[in-house]
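Values quoted throughout were computed directly from the atomic coordinates according to the rules given, and no laboratory measurement underlies them. Predicted model, so just to flag it, every value in this text is computed and none were measured. Ideal geometry is used to build each Cβ from the backbone, glycine not excepted, and the neighbour counts take in all protein chains shown.
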Ligand SMILES: *[C@@H]1O[C@H](CO)[C@@H](O)[C@H](O)[C@H]1NC(C)=O
């Protein structure tokens, strides 16, 4: 190319330059994103936009193209993601944009697929993500207070937001630059906190809006759940239903930034699911009431790898989304929504160019009719949760199942009914639904987890609980807050002290052992007395605090007490959630001694950060060679503080893989030194799992599954983390389990 240009004569070169200039001027003036009361306008064209959330760090880069492709096939126009600050700036000023955190690569893949991006910079994300997406070091910036009118916080927030915006600009990723980003978001669901804290909150929200707009991205910003979002920012709705939401100005479009496709899974909780008929009904209701943008939260939920989940949030972030945790389409959810999106596209121009005329068709029945330029589109609704009805519309009779809306793009023919789940012709799965007499029944194959037959041969290494004087420990008066000590570099902090028991103590003779009571701000606790596990306690997603109280087998003379305090993800939501404490704050008491009760809270305590195996890096090939592992008859079983390792070859095929951890209790898993996340199958789901009808108002407690079982027994093993041969699998088990029960399974239909 270069040499050819060199041979051009002057006039041709001028012509060439002229054409270049002309083309670029044209594209620069036409590439715009704007809005009005009827919708977002992309390059001057008003749109109904269907969006879905896929959070890039919740899958692997190798999964991204397939997820994006399935989203496009599912009828999406936009992919929405948060930006995860703590993933990108793990320590202050040290940035990371590689692997699962390669944001630019993710956005470019979306662009290559021909889809748009809604970039929620936040930088507060919530998202059931560790610390809501904030780096832990941020909490220790002098004088800082999160998400309020606080100079250190505003400076840090502006710095990160600017960094991301500049990075997007440099890569030409905003729509006016020819990129895919058509929308951004600043802050996140702030209005409740603003209400809580009053004037400083108001000042902060206004500052955040002005700061964001000042960055000149060329695309609109939204603030979700922010009724007072100042112009030109669009306030948007998050919820299970949003038809009754309206933006704060008539010239802003009605947008739904989070349509919850189910709900998060917490350890100790059953798995929530949401019937697709109700989701489709909610979408149709929103659109017939002038809605023009919907985003499924989540469209692909994925996995909270590593230690990225929020407090008591499970490692699986499946969310009952249209694409499941493993990247497979979930039917009939995915296919029914794809059919809905096809129907909506047929109505797009009528929906964005007119206001509906609403007529009653009887009790709990309505018609919404959109007329524009000779075209007519109708939505016929039956809001009754129990009865199907026949309605007459334009002299034609239509059957409307309970709690459903029919879409008639030409005001005559029903192309879609939200409660009628038709046979799915997904290109990814076999048809799974048989449809008779208007009653949908599911006779298909269900998603299965089948063992792949890999036999693991385990090695074990059991740590000993540390004690006062341990070489890695330090000593202080009284009890320290855990996060302040660890900065969340590990889940674990040891609190150690010594107790001297006099020969005269009565309990030594009468056997009435003393009671140790430990009050902790959470989230889990294992008590070791003279090296022996003596008890365990944990909180739950609704209550972080815990109290351990139990008899302790003390002997005459010196006794070592070692308390292992465990965090299970940091709080991610609520007014000043950053002020939540972790760890043993006391009181710690010993009851039943000759002199009564000893308050140990102000004693001298020794501290040790993390467990030994973390320091040795036992999860890596190199680190694992630093200790002697037991095998065969001496393999540890039901032992606390035990590391297990094995090597295995990757099974053939492309089916996604998982580990069945049913026989283990709690800890963490690594494959080739990549952290899969925390396992906690010992935490069984409490609650009642009722039969659940799609009809009637949905909430996150309505449809639950897995009551009485492990909240999560399967843990995703990404294919791309495996080599063909000799993969190192390491499990750290805190309480004790039987590794021979661990199996590798594949997920398939
Ligand atoms: C962290 O601990 C230090 C030392 O005890 C204390 O001075 C400081 O106030 C603590 N910081 C926070 C934010 O709790």
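Cβ crowding within 10 Å, taken as a proxy for footprinting-reagent exposure, orders 320, 502 from fewest neighbours to most as 502, 320.
Listed from fewest to most Cβ neighbours within 10 Å, the set 316, 388, 91 follows the order 91, 388, 316. The angle separating the long axis of helix 276-288 from the principal Cα axis of greatest extent in the chain is about 50 degrees.
Diagonalising the gyration tensor over the Cα atoms of region 437-539 and scaling each eigenvalue by 5 before taking the square root yields semi-axes of 45, 21, 20 Å, largest first. The angle between the Cα long axis of helix 151-170 and the longest principal axis of the Cα atoms of the chain comes to about 50 degrees, rounded to the nearest 10. Computed over the chain, the Cα gyration tensor eigenvalues convert (square root of 5λ each) into semi-axes of 50, 31, 27 Å, ordered from largest to smallest.
Once the Cα atoms are used to define both axes, helix 333-353 deviates from the longest principal axis of the chain by about 40 degrees.
Length available on full extension from residue 141 to residue 647: 0.36 nm per residue minus the Cα-Cα distance, which gives 177.9 nm. Sorting the segments 149-158, 49-58 by their residues' average number of neighbouring beta-carbon atoms within 10 angstrom, most packed first, yields 49-58, 149-158. Sorted on the mean count of surrounding Cβ atoms within 10 Å across their residues, most packed first, peptides 171-180, 131-140, 352-361 read 131-140, 171-180, 352-361. Per residue, the convex hull spanned by the Cα atoms of region 533-614 amounts to 152 cubic angstrom. A simple packing score, the average count of other Cβ atoms within 10 Å per residue, orders the peptides 247-259, 206-218, 587-599 as 247-259, 206-218, 587-599, with the highest score first. Maximal additional length on extending the residue 231-residue 454 stretch stands at 74.4 nm, based on 0.36 nm per residue less the C-alpha distance. Over region 311-427, the hull volume per residue, using the convex hull of the C-alpha atoms, is 157 Å³. For region 595-711, the relative contact order is 17 percent, taking Cα pairs closer than 8 Å that sit 6 or more residues apart in sequence and dividing their mean separation by the residue count.
The simple Förster model, with R0 at 41 Å and r as the Cβ-Cβ distance, assigns residue 363 and residue 707 a FRET efficiency of 0.65. At 7 Å along the Cα-to-beta-carbon direction for both residue 639 and residue 543, put a label point, then send me their distance in nm to one decimal. Label at residue 639, label at residue 543, 3.5 nm between them. Compactness of region 209-252 was expressed as the Cα radius of gyration divided by 2.2 N^0.38 Å, which yields 1.21.
Calculated FRET efficiency, residue 390 to residue 415, Cβ-Cβ distance, R0 = 25 Å: about 0.85 to the nearest 0.05.
Considering helices alone, the calculated mean residue ellipticity of the chain at 222 nm is -5500 deg cm²/dmol, with DSSP H runs of length four and up weighted by -39500 (n - 2.57) and normalised per residue. With R₀ set to 45 Å, the beta-carbon distance separating residue 196 from residue 498 gives a calculated FRET efficiency near 0.50.
Max-minus-min Cα coordinates of region 158-303 on each principal axis give 42, 39, 38 Å, with the largest extent listed first. Ranked by how many other Cβ atoms sit within 10 Å of their own Cβ, fewest first, the residues 182, 344 fall in the order 344, 182.
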